[in-house]
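Data block below; observations after.
The values are calculated or read from the model by the stated rules, or taken from the named source; none is laboratory data. Predicted model only: the values in this text are computed from it and were never measured. Cβ coordinates were reconstructed from backbone atoms using ideal geometry, including for glycine residues, and neighbour counts include every protein chain displayed. In case anyone asks, the SASA skips ligands and DNA or RNA and just uses the protein heavy atoms, side chains included. Shrake-Rupley method; radii C 1.70, N 1.55, O 1.52, S 1.80 Å.
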Amino acid sequence: MAKAMKIAIVDDEQDMRQSISQWLALSGYDTETFASAEDALKTLGPDYPGIVISDIKMPGMDGMQFLKKLMGNDSALPVIMITGHGDVPMAVEAMRVGAFDFLEKPFNPDRMSELAKKATATRRLVMDNRALRRELSDGGQLMKKLIGQSPVMERLREDILDLGQADGHVLIDGETGTGKTLVAHALHAVGSRAGKKFVLVSCGALEEDALSKRLFGPMQPEDALLPAIEEARGGTLVLEDIEALSETLQARLLSVINEQGTPAETRIVAISNLQEAGRTSEDALRSDLFYRLAALRITVPPLRQRGEDILTLFTRLSEQFSDEYGCDAPQVSAQEAAQLLQAPWPGNVRQLINVAERAVLQSRRGSGTIASLLMSDHDEMQPVMTTEGKPLKEYVEAFERMLIDNTMRRHKGSIASVMDELCLPRRTLNEKMAKYQLQRSDYL
């Protein structure tokens with residue numbers, strides 16, 4: 001679950017600091033107090049996980065100087081200024097400098113709580129966006145999101161690392177919900193363009209005129225963005241649903257690609273969703289554009305081809321949702337593990353995410369089964385059919401690996417606790433961990 005936002009209270013009057021802190025603490029906020037701006041600046045860095053409430057008149061560094069320092073460090077930090085009665089001009093100046101809002105003494109505590117709620121919501125959005133940007137620029141973190149030890153996932157990660165270092169355009173195809181956009185982010189993050197612009201345009205989300213304008217311009221003076229071709233210059237332009245481009249826009253895109261020459265100034269990563277519809281991107285695109293985009297190609301594997309990765313993913317997702325909902329993750333039986341492995345997963349990872357969340361919610365209520373969540377969307381009374389038969393040994397080994405992995409995770413790598421719960425001698429546990437490539441250090 002998300003951590004509570006902090007509120008830094010800066011005031012030279014002890015009674016005021018304490019009363020504000022107590023009121024906000026009763027409202028559920030994590031507060032910390034400072035008697036001077038100088039003291040506060042030692043703590044309030046650019047990524048302070050919260051907001052600031054500060055008096056505007058203080059000895060030493062006053063509130064206006066303090067505000068300017070804070071805005072210089074982090075212009076997105078919400079600062080609520082407390083002004084004296086009649087200090088409206090000073091409050092207006094504070095807003096011009098960058099204050100989130102102001103409170104005029106004597107103020108209503110409920111008004112302060114209302115402002116704190118708005119400011120913390122704003123700050124949380126900023127912090128989440130920053131974290132996302134950092135994550136999407138960190139190739140290592142992105143590669144960790146491509147979970148799985150199946151041969152197809154090992155090959156996918158190798159392809160991303162290889163093609164990430166290349167400089168040609170890339171075509172990514174695969175079924176809906178397999179994670180093609182994540183692969184596009186990873187390609188950018190592990191390559192030489194990692195520090196450059198990453199621009200994503202969903203071609204299927206816009207009408208042709210709007211899409212043409214978004215991609216190629218011309219933009220109006222009031223438009224906040226450059227055309228995507230210009231915005232992504234020197235970096236990566238990702239075109240989702242490339243098959244949605246009309247013949248006219250395909251011709252314009254091809255012209256831009258030809259004008260760039262080799263190596264391309266802007267790398268284009270095209271994402272196609274046609275594979276499961278019985279058509280391919282080669283069918284949907286003019287041949288000269290297809291061959292320019294498909295110089296390098298990645299096909300993201302469907303979930304049903306990933307074997308026991310399904311159980312690994314289900315476990316990780318269940319843990320995440322159980323943390324979010326404040327309950328225990330559901331325990332998966334051998335029969336349920338087999339059902340997860342046998343399901344055809346037409347919605348791929350996206351469908352698995354939904355099933356994991358619903359499984360956690362069912363478990364919290366103490367009702368429902370995983371089998372009920374795997375019912376066909378077309379006939380709710382019929383369970384899904386398995387895609388292809390597998391030897392019983394494969395199901396048993398997949399369940400065994402999941403069971404040891406879950407138990408090691410729950411006991412934070414305590415071998416003695418795992419041996420006790422699973423009734424396994426030390427040697428047998430060691431052999432099975434070696435067999436399934438489970439490292440104790442990963443759980444500490």
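Does segment 103-120 hold any residues that are open to solvent by 60 Å² or more (accessible area, probe 1.4 Å) and either modelled with pLDDT of 90 or more or in a helix (DSSP H, G or I) (or both), and which are they?
D110, R111, E114, K117, K118
Looking at segment 391-444, which of its residues are open to solvent by 70 Å² or more (accessible area, probe 1.4 Å) and either among the acidic types (D, E) or not in a helix (DSSP H, G or I) (or both)?
Matches in segment 391-444: P391, E394, K412, D420, E421, C423, P425, E431, Q437, Q439, D442, L444.
Take segment 34-53 and flag every residue that is under 33 Å from the mean Cα position of the chain (by Cα) and closer than 20 Å to D101 by Cβ.
A40, L44, Y48, P49, G50, I51, V52, I53, listed by residue number.
Kindly establish whether D209 is charged (D, E, K, R) and part of a strand (DSSP E or B).
Judged against the criteria, D209 is not a match.
Search segment 89-102 for residues being at pLDDT below 90 and charged (D, E, K, R), and hand back the single one that is surrounded by the most Cβ atoms within 10 Å (Cβ to Cβ).
E93
What number of residues within segment 40-73 are closer than 16 Å to A8 by Cα, surrounded by fewer than 15 Cβ atoms within 10 Å (Cβ to Cβ) and not basic (K, R)?
6
Determine the pairs where a residue that is assigned to a loop (DSSP other than H, G, I, E, B), located within segment 54-83, has a partner that is of a type in the set (K, R) with Cβ atoms under 8 Å apart, the partner being 6 or more residues away or on another chain.
M61/K69; A76/R123; L77/R123; P78/R123
Can you tell me which residue among G191, G86, G148 is farther than 26 Å from R292 by Cα, surrounded by 19 or more Cβ atoms within 10 Å (Cβ to Cβ) and in contact with an Asp or Glu (Cβ under 9 Å, 6 or more places away or on another chain)?
Sole residue among the options that is farther than 26 Å from R292 by Cα, surrounded by 19 or more Cβ atoms within 10 Å (Cβ to Cβ) and in contact with an Asp or Glu (Cβ under 9 Å, 6 or more places away or on another chain): G148.
Have a look at L125, L115 and point out the one that is of a type in the set (A, V, I, L, M, F, W, C) and in contact (Cβ under 8 Å) with a residue 12 or more places away in the chain.
Result: L115 is the single residue among L125, L115 that is of a type in the set (A, V, I, L, M, F, W, C) and in contact (Cβ under 8 Å) with a residue 12 or more places away in the chain.
Among the β-branched types (V, I, T), open to solvent by 40 Å² or more (accessible area, probe 1.4 Å) and modelled with pLDDT under 85: does that describe T387?
Against the criterion (among the β-branched types (V, I, T), open to solvent by 40 Å² or more (accessible area, probe 1.4 Å) and modelled with pLDDT under 85), T387 qualifies.
Mind checking which residues of segment 159-181 are more than 18 Å from L293 (Cα to Cα) and open to solvent by less than 50 Å² (accessible area, probe 1.4 Å)?
Across segment 159-181, the qualifying residues are E175, G177, T178, G179.
Pairs please, first residue from segment 261-278 and under 20 Å from K196 (Cα atoms) and part of a loop (DSSP other than H, G, I, E, B), second anywhere and open to solvent by 10 Å² or more (accessible area, probe 1.4 Å) and at pLDDT 80 or above, Cβ atoms under 6 Å, 6+ apart in sequence or on different chains.
P263/D167; T266/R233
Is it fair to say H185 is touching a Phe, Trp or Tyr at 6+ places or on another chain (Cβ under 8 Å), closer than 29 Å to I147 by Cα and open to solvent by 10 Å² or more (accessible area, probe 1.4 Å)?
When the stated conditions are applied, H185 passes them.
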